[in-house]
Amino acid sequence: MASEIKRIVVYCGANVGNNPAYVAAAVAVGRTLAEQGIGLVYGGGGVGLMGVVADAALAAGGEVIGVIPEALKALEVEHKGLSDLHVVPDMHSRKAMMLGLADAVIAMPGGFGTLDELFEALTWSQLGYHRKLCGVLNVAGYYDHLLAWIAHSVDVGLVKPANLGLIVAGTTVDEVLDGLRSQPFPLDKKWMGR
């Protein structure tokens, strides 16, 4: 049974990185979401991969909702052309609002903030705070080591095998979207996946 996805929160870098594949992937994500009628929820910045994905979605006629903390408005240069921009007091509020507005997650290449957001979303799914799958867009092998570490954490018994089902990894946005739509949520309400 396919899951209906109206909005996706995309986590990605406030920098573009040094591999042109990251920018190309951000353009593809923004454009694809808009073309499929899926709203983009993201960090609200106009710089880095965040700005690229937002601009691509807007150029394709998509809905783009930004959520940015007051303290980061200047640093991340808030995007001025969004469908909606929420200014929140802090990072905790930002992450909670972004997840609350979306039906699923896609993590693109990014730094510490991207990983923080991804793992908080995974943890909240694992604990039953929400039932949202997390996509990992593994552009040019960016997440190879992270995905290997996640598998290792299962192998050594620190993460339950069922929790691997919370993650949908792919090398293209279409692969990730297909997985997010088709993969059933792996945890039931009685077992929190600890």
- Full-stretch length increase - S3, D155 - with 0.36 nm per residue and alpha-carbon distance subtracted: 51.8 nm
- Task: Any chance you could give the angle, 0 to 90 degrees and rounded to 10, that helix 48-59 forms with the longest Cα principal axis of the chain?
- Result: 70 degrees
- Query: Roughly how many Å is it from the Cα centre of the stretch 103-163 to that of the stretch 12-91, as a whole number?
  - Reply: 20 Å
- Message: 7 Å from Cα along Cα→Cβ at both E175 and A21: what's the point-to-point distance in nm?
- Response: 1.0 nm
- Accessible surface of the stretch 38-85, 1.4 Å probe, proportion on carbon and sulfur as whole %: 55 percent
- Answer label for semi-axes √(5λ) of the Cα gyration tensor in Å (calculated), chosen among (1) 44, 23, 10; (2) 25, 18, 17; (3) 28, 20, 14: (2)
- Just the accessible area per residue of the stretch 1-140, please: how many Å² with a 1.4 Å probe? 42 Å²
- Note on the structure: Carbon plus sulfur, as percent of the 1.4 Å-probe accessible area of the stretch 122-183, comes to 57 percent
- Message: My understanding is that a pair violates if its Cα-Cα distance is over 22 Å; which of K6/K132; K95/K160; K80/K132; K6/K95; K132/K160 do that in this structure?
- Response: K95/K160; K80/K132
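The values are calculated or read from the model by the stated rules, or taken from the named source; none is laboratory data. All values derive from a computational prediction rather than experimental measurement. Counting neighbours? That spans all protein chains shown, and the Cβs are built from the backbone with ideal geometry, glycine included. Heavy atoms of the whole protein, side chains included, go into the accessibility calculation; ligands, DNA and RNA do not. Shrake-Rupley method; radii C 1.70, N 1.55, O 1.52, S 1.80 Å.
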